[in-house]
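Report on the structure given below.
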Amino acid sequence: MSIGLPRKLLTGFIAIAVFMTGDGFELTFLSKYIVDQGFSSSQASLMFTMYGLMAAVAGWASGVLAEMFGAKRIMLIGAISWICLHLVFLTMALPSGSYALMLAVYAMRGVGYPLFIYSFVVLISQTVDPGKLATAMGWFWTSYSFGIGVFGAYLPSFTIGWVGEYGSLWLSLPFAVAGLLICLALVPSTRNEKTEGMSAKEKFHELSRGATILVENRQIALAAVVRVICNLTLYGFPVIMPLYLATHTNGGAWFEVSQWSQIWGFQFVVTVFGNVFWGRMGDRYGWMRQMRWFGCWGCVLGTLGMYYIPRFFGGNMALMCADAIVLGLGISAFVPMGAIFPALAPEHKGAAISAHNLASGLTTFFGPLIATVLISTVGYSGVCWAYAGLYAVGSLITVFIRPKQPGFDERGRRLKGKGATVLESRKPLESSGELAQPEPECRG
């Protein structure tokens, strides 16, 4: 397909978009809603932090679990757990007013969405030609962005005025259920003959490899650090920006919460197009250079802009949306990350993807954690500078990550002649769901 969208997985991309719409409903207003209930900003931030910790654990397990037991099966388990725990959160935890119960239930719900979406990453890796994997991952993150960012941000900006924050939390359920049903009925199943014959001990060993590979493979470890860094603001800003931009709690109340939701949603509109664009650009011109210069430094500029624009220009929606473009393009430039991990460990793809998913989950943990630790001491400016500084560090780390990308040498330079035809020489995927590997894998 000319735009690089794998037709066989189209329904899976739709399921991701629909399900993540439900999961993303709360991001732009939940921290403010919790503060409005009488809790502190640190308590609100801690809830997101513990949610991220559980998401990290689930993300780590999802890669190998999906390889061993089937991606579709693990996706369904994740969706069902999310729906059940969200119901408990709405009917018991929030009405109780007990912070301990709210914290526990919300944290446990964090297991659901990583199992759903990152198991689908395994299905992608089992289905798509290695030379086109970054493009396919671009479509994956586009689906994710449509859900959690575009619809998940824009819809609440309208529903809050209609049914309020608590009512809007209930409206997320139909989307999660719809995503579950699409997955159940339409997402294809895959078989992995290599893992079907494993004993329980062997399966546990393979599961543990998703963490031990970080010690055994230095390149995987470095890539994991960059993967944690690349989405810090994606999970940190929804915690602090509603408070900074829309309240007088050390902020300026320059915008309404609905306006902040629209700014955040617009950023995800940008990532929708950016994910596809950067996925194809990375496959064509090189993964690492793209992330180093456009990803890391785009995020440095966009992160600082979110803080300083309202300080100097007040409630200027046009400038905030312009900054959202910069930040959205920076974040989406990291789409090759999902292709880099299996390229760095082609003999253990499931473990490599689990390491990627662990790092993806850890960014949902460290993003809010940085805010939780720093906000009471250095304020919103210190948090934003911390994020920006880490993006700059990430740019330096990418110099030492050298995946074997098809058509490129180890330094990321395009090969000519025979090397440039690597993408065309790949064999079709085997029916077992394993990727054909006529020569050492190259994914970045």
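Data overview
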read-out: Rg [Å, one decimal], Dmax [Å, integer] - the range 228-326, C-alpha atoms; value: 14.5, 47
read-out: Calculated from backbone phi, Karplus (6.51, -1.76, 1.60) coupling profile of the range 326-341 in Hz, x at Gly/Pro; value: 4, 5, x, 5, x, 5, 6, 5, 8, 4, x, 3, x, 8, 5, 4
read-out: Rounded tilt (10° steps) of 112-127 against the dominant C-alpha axis of the chain; value: 20
read-out: Distance in nm between pseudo-label sites at Val163 and Ala221 (7 Å out along the Cβ direction from Cα); value: 4.9
read-out: Heavy atoms of Ile182: accessible area, 1.4 Å probe, square angstrom to 10; value: 40
read-out: Amide N proximity, the range 52-77 versus Ala211 label position 7 Å along Cα-to-Cβ, cut-off under 18 Å; value: 52-66
read-out: Whole-Hz couplings from phi, Karplus 6.51/-1.76/1.60, listed for the range 32-38; x for Gly and Pro; value: 5, 4, 5, 5, 5, 7, x
read-out: Accessible area expressed per residue, the chain, with surrounding protein chains retained (probe 1.4 Å, Å²); value: 37
read-out: Tilt relative to the chain, helix 152-186 - C-alpha long axis, 0 to 90 degrees, to 10; value: 20
read-out: Furthest towards positive pole of dipole, Leu85, Gln43, Phe19, structure part the range 1-160, Cβ charges; value: Phe19
read-out: Solvent accessible area, Å² - Cys296, 1.4 Å probe, full protein context; value: 0
read-out: Of all accessible heavy-atom area on the chain, the percent that carbon and sulfur account for (1.4 Å); value: 67
read-out: Placed amide H near Gly252: partners under 5 Å, 5+ positions off or other chain; value: Thr247
read-out: Restraint check, Lys32/Lys72; Lys32/Lys349; Lys72/Lys201; Lys349/Lys416, Cα-Cα greater than 31 Å; value: Lys32/Lys72; Lys32/Lys349
read-out: Using distinct alpha-carbon pairs, which all enter the 1/r mean, Kirkwood radius of the range 1-152 in Å; value: 16.3
read-out: Theoretical FRET efficiency, 1/(1+(r/R0)^6), r = Cβ-Cβ of Val88 and Glu256, R0 30 Å, to 0.05; value: 0.45
read-out: Over the chain: helical MRE at 222 nm, DSSP H runs n ≥ 4 each giving -39500 (n - 2.57), nearest 500; value: -24000 deg cm²/dmol
read-out: Relative contact order for the chain, counting Cα pairs under 8 Å that sit 6 or more residues apart, in percent; value: 27
read-out: Nearest 10 degrees, 0 to 90: helix 297-313 Cα axis against the chain principal axis; value: 10
read-out: 3J(HN,Hα) from dihedral phi, the range 76-93, Karplus parametrisation 6.51/-1.76/1.60, rounded to Hz, x for glycine, proline; value: 5, 4, x, 5, 5, 5, 4, 4, 5, 6, 5, 4, 5, 4, 7, 8, 10, 5
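The values are calculated or read from the model by the stated rules, or taken from the named source; none is laboratory data. Quick caveat, the model's predicted, so the values are computed rather than measured. FYI the Cβ positions are ideal-geometry reconstructions off the backbone, even for glycines, and counts take in every protein chain you see. The protein model used for the area step is the full one, side chains on, heavy atoms only, and it has no ligands, DNA or RNA in it. Shrake-Rupley method; radii C 1.70, N 1.55, O 1.52, S 1.80 Å.
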